[in-house]
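Data block below; observations after.
The values are calculated or read from the model by the stated rules, or taken from the named source; none is laboratory data. Keep in mind that this is a model prediction, so the values were computed, not measured. Methodologically, a virtual Cβ is constructed for each residue, glycine included, from the backbone with ideal geometry; neighbour enumeration extends over all protein chains shown. Heads up: the accessible areas ignore ligands, DNA and RNA and are worked out on the full protein's heavy atoms, side chains in. Shrake-Rupley method; radii C 1.70, N 1.55, O 1.52, S 1.80 Å.
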Amino acid sequence: MDPLRARHDFLRTTQNADGGWGYFPGKQSWLEPTAWAALALHGDPAALRAWTLIKSWQKADGSCRPCAAVDVPNWTAALAVTLGSLHRDEVAVRRGLDYLLSTKGAESGTLKRIAKFIAPDHTDREPSFLGWPWKPGTSSWIEPTAHSVTALRLASKVVGRQAVGERLASAQSMILHMRCADGGWNYGARIALSHPLVSFPETTALALIGLAGRSDVADAVRHASGLLSVKQSPLSRAWLRIALRLHSAKPAALDETLSGPDTLLAALELLGGTEDGKWRLLLPS
Amino acid sequence: MEVAAAIMTRREWLTIAGSAGVAGWAGFKVPVEGPEVDDVGGAKSPVAIVKAASYSGELAARILEGVKACGLDVRGKRVVLKPNMVEFDKATAINTDVAVVSAALEVFAKLGAADVRVAEGPGHRRDTYGLAEEAGYRSMLSKFDRLFTDLNRDDVSRVEGFADEGEIYLPNTILQADLIVSMPKMKTHHWAGATLSMKNYFGVVPGSIYGWPKNMLHIVGIPRSIVELSRILGKKSFAIVDGIVGMEGNGPIQGTPKQAGVLVMGRDLRAVDATCCRMMGIDPSQVEYLQRSGNLGNASAGLIEMRGESVAGVRTDFQLIDQFKGLRLI
């Protein structure tokens, strides 16, 4: 079967009755796989049902439940803003944008800045760069920052906020600052006890998604292209394909069979599988 | 966990905040896990040390020996094996060797467990299946995809009471298990001193909610989070520590492989960890999470009943980074 058709059919047949997707078929719906599946199926009625569910999880302050059973605001609010922007839902986008703009990594708080001043070598973070945490009250990391950057870019097309530009620049500075010595990115720490840490392919791809639209990261794009040319896991390949396409590179089209019943993986593979895929929805312009 | 370099624990912060004269502002709260005590006391906690020179020997027989020595009955129980998978680097020994997990699967099935699963939620890698591939789990464990649960993406339930957080969400695979077998690698840890069966429970905290890394645990404080997770899960736990080849120095990621040639087992995780520490040449009374977990088990040598090898017979000092030289057992 055509690899894209296999992913499409898999997603269409595994959507839960509430409109969402679990990380694996038959499991409870979670915001993350639901958002990526909805992006990959954008334009399909299934995607609209997914957005309806995600919207129901958004709270008045713009934060979101990561799933119906969990009442903890976290990083998935950014995915809701991205999806809401594509559906041009101004109310949901404004609310989500307010939440994202009011959220930053704990390292940027006053006390942490004082701590950085007292003990500058304690962390390799630069507290003046505002990234996003996985969960409010914790430090900022690459992946939630990348998702939030994407969300802000798309949201600004819907509601046009002046404050977004400054925050985007700061977040991208954070991403650039946390690049590992080997040329890629990990979760968001360059060193531990003065020892350099290594990067990972999936987080390198996510960092590049957060840096989409920049013309000064050609070497990082080349690094990511190199990663895709050697053996990688299906998830790493899926993220790398999306990231490279966002930077105008042209990775080979998806030609692999579905490796297992993994909703997030199938959605990412469908999203970035070909040059004319729905990854274009994430383009900054 | 190495990424703690990027944040500060409560204790670290209080040190700095205190020097800046703002300790009161930092708002330290009384821990909910109870007062610091030496040991639970009562009956001695059995801990078994069995020798295993390599991963190619009869590991199932060695594990069976230890499990029996500890009097563990798994008949009819739903068992979850929780190895330690963090990152992969072929040059060192970060993860629980798959051979030990494979042998444990065989042993618990043979002993009559109703179900035996393998479950882990890596703290750094989003790509659990990719990591499992690199670490040899997918190729070495038959029917891996059917046996394995990615705890970072499992369905979850709310558990009341976790430090100052008030609650934590944990994977249903873990909460519904009758027995969780904590299977860590025996390693030094550059923030906690040592990472053993109690610290291994960081891997049950779901990334889908708390992220990669599970930074909330660092903000709460590494020792305190270790204690809190063990308080929640310890009563239905058993430990099998992979000390055949451990890691010394700048663990848990960037250290050096250390041949120790043992498997350490027991139902009292604190007793197992204290025993491993003594074996590694670390004074358990100086390890903060063991200091803070006195109400969870026994750590004093006099309250641990050694079965199998003696600590003295297998002691091999693990190198310690400068920050932890003070932990050395005299």
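Counting just the residues of the range B:148-174 that are open to solvent by 40 Å² or more (accessible area, probe 1.4 Å) and touching a Leu at 6+ places or on another chain (Cβ under 9 Å), which one comes out nearest to B:Lys77 (Cα to Cα)? Filtering the range B:148-174 for residues that are open to solvent by 40 Å² or more (accessible area, probe 1.4 Å) and touching a Leu at 6+ places or on another chain (Cβ under 9 Å), the one nearest to B:Lys77 (Cα to Cα) comes out as B:Ser157. Note on the range B:213-252: residues that are aliphatic (A, V, I, L, M), part of a strand (DSSP E or B) and either within 10 Å of another protein chain (Cβ to nearest Cβ) or touching a Lys or Arg at 6+ places or on another chain (Cβ under 6 Å) (or both) amount to 1. Being more than 27 Å from B:Gly130 (Cα to Cα) and surrounded by fewer than 24 Cβ atoms within 10 Å (Cβ to Cβ) is a property that A:Pro127 has.
Among the candidates B:Ala119, B:Ala109, B:Ala132, the residue that is within 14 Å of chain A (Cβ to nearest Cβ), part of a helix (DSSP H, G or I), within 30 Å of A:Gly22 (Cα to Cα) and hydrophobic (A, V, I, L, M, F, W, C) is uniquely B:Ala132.
The selection criterion, being open to solvent by 10 Å² or more (accessible area, probe 1.4 Å), within 14 Å of chain B (Cβ to nearest Cβ) and β-branched (Val, Ile, Thr), holds for A:Val198.
Residues in the range B:114-134 that are of a type in the set (A, V, I, L, M) and open to solvent by 20 Å² or more (accessible area, probe 1.4 Å): B:Ala114 only.
Starting from residues that are hydroxyl-bearing (Ser, Thr, Tyr) and at the interface with chain A (Cβ under 8 Å from one of its Cβ atoms), keep the ones in the range B:141-171 and report whichever is nearest to the chain's Cα centre (by Cα).
Once the filter is applied, the top-ranked residue is B:Tyr169.
If the condition is being open to solvent by 10 Å² or more (accessible area, probe 1.4 Å), part of a helix (DSSP H, G or I) and touching a residue at least 24 places away in the same chain (Cβ under 8 Å), then the range A:1-35 contributes A:Pro3, A:Leu4, A:Ala6, A:His8, A:Phe10, A:Arg12, A:Thr14. If you check A:Lys116, A:Lys104 for being basic (Lys, Arg), more than 28 Å from A:Gly226 (Cβ to Cβ), out of contact with any helix residue (DSSP H, G or I) (no Cβ under 6 Å at 6 or more places or on another chain) and at pLDDT below 95, only one passes: A:Lys116. A:Gly160 is checked against (1) closer than 20 Å to A:Glu107 by Cβ; (2) more than 14 Å from chain B (Cβ to nearest Cβ) and fails just one. What number does that condition carry? Result: A:Gly160 passes all but (1).
A:Ala151 - would you say it is in a helix (DSSP H, G or I) and within 11 Å of another protein chain (Cβ to nearest Cβ)? No: the conditions fail for A:Ala151. One residue stands out among those in the range A:88-126 that are over 30 Å from A:His42 (Cα atoms) and among the polar types (S, T, N, Q): the one that is nearest to the other protein chains (Cβ to nearest Cβ), which is A:Thr123. Those residues that are without any contact (Cβ under 8 Å) to a residue 40 or more places away in the chain and of a type in the set (Gly, Ala, Ser), I need them from the range B:43-60; list them, please. Correct list: B:Ala43, B:Gly57.
Taking the range B:177-205, which residues are more than 14 Å from every other protein chain (Cβ to nearest Cβ) and either in a loop (DSSP other than H, G, I, E, B) or of a type in the set (Gly, Ala, Ser) (or both)? Residues satisfying the conditions are B:Ala177, B:Asp178, B:Ser182, B:Pro184, B:Ala194, B:Leu196, B:Ser197, B:Met198, B:Gly203.
Of the residues making up the range A:130-147, not a single one is of a type in the set (Ser, Thr, Tyr), outside any loop (DSSP other than H, G, I, E, B) and surrounded by fewer than 18 Cβ atoms within 10 Å (Cβ to Cβ).
When the residues of the range B:280-330 are filtered to those that are among the β-branched types (Val, Ile, Thr), open to solvent by less than 60 Å² (accessible area, probe 1.4 Å) and outside any strand (DSSP E or B), the one that is farthest from B:Arg62 (Cα to Cα) is B:Ile321. The number of residues in the range A:103-124 being open to solvent by 40 Å² or more (accessible area, probe 1.4 Å) and in contact (Cβ under 8 Å) with a residue 12 or more places away in the chain comes to 3. Going through (1) surrounded by fewer than 21 Cβ atoms within 10 Å (Cβ to Cβ); (2) more than 24 Å from A:Leu281 (Cβ to Cβ) one by one, A:Tyr187 falls short only on (1). Considering each residue of the range A:163-177 in turn, none proves to be touching a helix residue (DSSP H, G or I) at 6+ places or on another chain (Cβ under 8 Å), aliphatic (A, V, I, L, M) and farther than 15 Å from A:Ser148 by Cα.
I'd like the residue in the range A:266-276 that is open to solvent by 10 Å² or more (accessible area, probe 1.4 Å) and free of Cβ contacts under 8 Å to residues at least 60 places away in the same chain and, out of all such residues, is nearest to the other protein chains (Cβ to nearest Cβ).
Result: A:Glu275.
Per the conditions (1) modelled with pLDDT under 95; (2) more than 14 Å from chain B (Cβ to nearest Cβ), the sole criterion not satisfied by A:Asp61 is (1). Restricting B:Gly255, B:Gly261, B:Gly308 to those that are within 14 Å of chain A (Cβ to nearest Cβ), in contact (Cβ under 8 Å) with a residue 12 or more places away in the chain and more than 21 Å from B:Asp39 (Cα to Cα) reduces the list to B:Gly255. Summed over the range A:81-112, residues that are touching a strand residue (DSSP E or B) at 6+ places or on another chain (Cβ under 9 Å) and basic (Lys, Arg) total 2.
Those residues that are within 13 Å of chain B (Cβ to nearest Cβ), closer than 22 Å to B:Leu217 by Cα and touching a helix residue (DSSP H, G or I) at 6+ places or on another chain (Cβ under 7 Å), I need them from the range A:128-140; list them, please.
Result: A:Gly131, A:Trp132, A:Pro133, A:Trp134, A:Lys135, A:Gly137, A:Thr138, A:Ser139, A:Ser140.
Against the test of being in contact with a His (Cβ under 9 Å, 6 or more places away or on another chain) and either at pLDDT 95 or above or among the charged types (D, E, K, R) (or both), the options B:Glu87, B:Glu58, B:Glu65 yield a single qualifying residue, B:Glu87. When the range A:1-51 is filtered for residues that are away from chain B (no Cβ under 14 Å), closer than 18 Å to A:Leu281 by Cβ and among the hydroxyl-bearing types (Ser, Thr, Tyr), nothing remains.
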